[in-house]
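Below is one structure, written out as structure tokens; the observations come after it.
The values are calculated or read from the model by the stated rules, or taken from the named source; none is laboratory data. Computed from a predicted structure; not experimentally measured. For the accessible areas, the whole protein counts, side chains as well, though only heavy atoms, and no ligand, DNA or RNA atoms are used. Shrake-Rupley method; radii C 1.70, N 1.55, O 1.52, S 1.80 Å.
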Amino acid sequence: MKQLKVLLLAATAFASFSAGAANLITNGGFEDGSSTGYASFSSDYAKAGNLYDPSIVTIGSNPNSFHSAWGSFGALEGSNMLIVNGGIVGAQNLVWSQTLNLAAGSYDFSAAAASSYGSNPSNVIAVATIGGTDYALGGVQLGSTVGQWDTFSGVLNLQSAASVQIKLLNLTTDYHGNDFAVDRISLTSAVPEPTTYAMLLAGLGMLGFAARRRRN
């Protein structure tokens, strides 16, 4: 009976750690290309428009399906990605954003981007906006190699609960070129380091040993 309790304790602890790694971003992999998927994020760019026009974002599986000059490649993960014609209209550069109500704690952010056209590759950055202040979450200056996914990441530390707007910005303003795709946007609660798991297992082992000694 003691051993069963120890096993249940281990299962509960590991389930708790795994649950902490759930992605807090809705439709971060852009698998939902319906109106619900588009409604999950905000953008300065027009959504689901003609990608031959500047400042358009569309959910799709292959950039070449929307623009004949763009490369043909698939999503980094799953079937879909956010495809962007980055030719800037005015000073707008907010490609994607989502607002989350987060508890105090540490959060890991990551996203990936790839050029769909080799000319004037885009400079994509991520920021977390809290109370009008921007905090950097990483970014990437894309290269001219079409279809090469580059992942960037950062850490967000909150001392208290807050409403946080996670943003992807395109800092490149060229009308010609400046076309790319985004995939696998993720924000997760930081999970324990491997040493923490080792300490947990060691502690559970000691509990099991103590239980056996009491039984004997």
Item to check | Cα-based Rg and Dmax for the stretch 69-116, where Dmax is the largest Cα-Cα distance (Å) | outcome: 14.9, 46
Checklist entry - Once the stretch 49-179 is represented by equal point scatterers at the alpha-carbon sites, with solvent omitted, what log10 I(q)/I(0) does the Debye formula produce at q = 0.09, 0.16, 0.19, 0.21 Å⁻¹? => result -0.27, -0.80, -1.05, -1.21
Next on the checklist: Taking the full set of protein chains and a 1.4 angstrom probe, give the accessible area of Asp44 in square angstrom, rounded to the nearest 10.
Outcome noted: 70
